[in-house]
Amino acid sequence: MSDTDLQAHPSQRVVDAITGAFDDLEVVITPEREVTVTVPTDRWVEVATRFRDEPSLSFSMLIDLCGVDYLTYGDSEWKTNQATGSGFSRGVQREVVIDESQTFEQNRFAVVIHLLSIEHNVRVRLRGYTSNENPPRIGSLIDVWRSADWYEREAFDLFGIVFDGHPDLRRLLTDYGFIGHPFRKDFPLSGNVEVRYDARKGRVAYEPVSIEPRTLVPRVIRDDNRYEEALREDHDV
């Protein structure tokens, strides 16, 4: 595609509009021409408001808001350099952890929103990292777009992100008295408690989970240059 066609594409036009309105924001355009803007935590509400009100932007509609946990981002429990004969009996042991630390590592949690400009017929993605304190915090966008209300409650419930200024921030999907936040990377897949009906007590009983927390890794047998290289090295030895 020519440079002229790229300049005329809506994604390039929205990038030009953003860089014209802001000279200090990180703007990335993917090969699929999706535009992502990273916003500093302390400017989250201010920048979002300008994205709505600037005539060159006019993003009047918030389509979606979600939380992101970047813990172990890019790591793989399934990475292997050779075949294994132990099959599915090989597992990655997980320690059941409820994070009670005072702070989190830098840029662990983020909030991502997707916006639509009906006037200009373009879309954009904004990402803002939360504070590093526990719980992680960021400003609420409910006064900018009312549709952020339940989305922020969902992110609070699943990730434990606190949205400062939200008028009714409480759990949305999990049960009353639920412990932890199930979309965090360090939340055990089996949960922290299991539920059963106790006929003797005549009610539902909550007990510590009895499932062993581990991730099963499949047996790997296939043609791959990596394995051939490893076999050659073994043969040379």
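The values are calculated or read from the model by the stated rules, or taken from the named source; none is laboratory data. What you are looking at is a predicted structure, and each value in this text was computed from that prediction instead of being measured. Cβ atoms come from the backbone with ideal geometry, glycine included; neighbour counts cover every protein chain shown. Remember, those area values only see protein heavy atoms, side chains included, never the ligands or the DNA or RNA. Shrake-Rupley method; radii C 1.70, N 1.55, O 1.52, S 1.80 Å.
For F22, state whether it is surrounded by 14 or more Cβ atoms within 10 Å (Cβ to Cβ), at pLDDT below 95 and either small (G, A, S) or over 19 Å from the mean Cα position of the chain (by Cα) (or both). The answer is yes for F22. The criterion of being under 17 Å from E46 (Cβ atoms), buried (at least 20 other Cβ atoms within 10 Å of the Cβ) and in contact with a strand residue (DSSP E or B) (Cβ under 7 Å, 6 or more places away or on another chain) holds for I138. If only residues of segment 149-168 that are open to solvent by less than 50 Å² (accessible area, probe 1.4 Å) and touching a helix residue (DSSP H, G or I) at 6+ places or on another chain (Cβ under 9 Å) are counted, the one that is farthest from P208 (Cα to Cα) is H166.
In segment 38-60, of all residues being open to solvent by 40 Å² or more (accessible area, probe 1.4 Å) and in contact with a Phe, Trp or Tyr (Cβ under 7 Å, 6 or more places away or on another chain), the one that is farthest from V162 (Cα to Cα) corresponds to R52.
Could you grab me the full set of residues in segment 7-34 that are in contact (Cβ under 8 Å) with a residue 60 or more places away in the chain and within 25 Å of S131 (Cβ to Cβ)? Hit for segment 7-34 is I18, nothing else. Please find, within segment 118-170, the residue that is farthest from G67 (Cα to Cα) out of those that are among the small types (G, A, S) and in a strand (DSSP E or B). So the residue we want is G139. Quick check on my filter: what residues within segment 194-203 are part of a strand (DSSP E or B) and open to solvent by 70 Å² or more (accessible area, probe 1.4 Å)? V195, R196, Y197, R203, listed by residue number.
Within segment 171-184, not a single residue is modelled with pLDDT of 95 or more, surrounded by fewer than 19 Cβ atoms within 10 Å (Cβ to Cβ) and of a type outside the set (S, T, Y).
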